[in-house]
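Down below is the structure, laid out as structure tokens.
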Amino acid sequence: MESTEQMHEGEQPPAVEGGLAQGTRRAAKYARVSGPEQSDDDKVSLEEQERVCRAYCQRKGYTVTGVDIDVQSGTDSRKERARFEAMLKEALKERKERIDVIVAWRPDRLFRSQWPAARLKRVMDATGVDVETVTVAMDRKTLGLWAFFAEMEIENIRERTRMGREGMARAGKLRTQLDFVRSSCVGEGLHKV
């Protein structure tokens, strides 16, 4: 974002710390989708999340240091997400090199359970790094509540999935991996087992 203000004679340029004007905040953007099929979805695609976060950072005057993207289900809450972990390490760097704020589209992009939320909160408390989400308000005081609700949503998704599979099985419509193998073998001229 370029400034249109001109310096007048005798004025001093803004103080610079680490190559940035004093008061400028360094932001890391984070985006996550559950799987490859969701990454192309117009509503929550990685590109859409990144675009919305970029516009937010521009409005706030943040200097974006990078974009961290993970393609991994939020239900894998104990599995480390490579880019999420890298972003947390970035936040732990020396003060003059680290980020000041993490920007994400929604809280559920950052975490879907209390375990990754607790790791994020520890980094926030240790460093003073803030987390801002674009579509709904979240701060360090409400992070725990968002983690609780995100974990409840994961349980709801699991329950709906289980119920859907049971209904399909009762109707004789549930396809297993073996069904897919059988149909591909028949398609290649092999006999069905």
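The values are calculated or read from the model by the stated rules, or taken from the named source; none is laboratory data. Nothing here was measured: the structure is a model prediction, and the numbers come from that model. Every residue, glycine as well, gets a Cβ built from its backbone with ideal geometry; the counts of neighbours run over all protein chains shown. Just the protein is used for accessible areas: all its heavy atoms, side chains included, with ligands, DNA and RNA removed. Shrake-Rupley method; radii C 1.70, N 1.55, O 1.52, S 1.80 Å.
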## Note on the structure
Checking rank on 87-99, 113-125, with mean other Cβ inside 10 Å and highest first, the result is 113-125, 87-99
#### Entry: Qualifying GluC sites (Glu not before Pro) in region 111-176, DSSP loop, other Cβ atoms within 10 Å at most 13
none
### Summary
Computed over region 57-145, protein heavy atoms only, probe 1.4 angstrom, the accessible area per residue in square angstrom equals 50
### Summary
Rounded to a whole %, the carbon-and-sulfur portion of the accessible area of region 71-120 at a 1.4 Å probe is 44
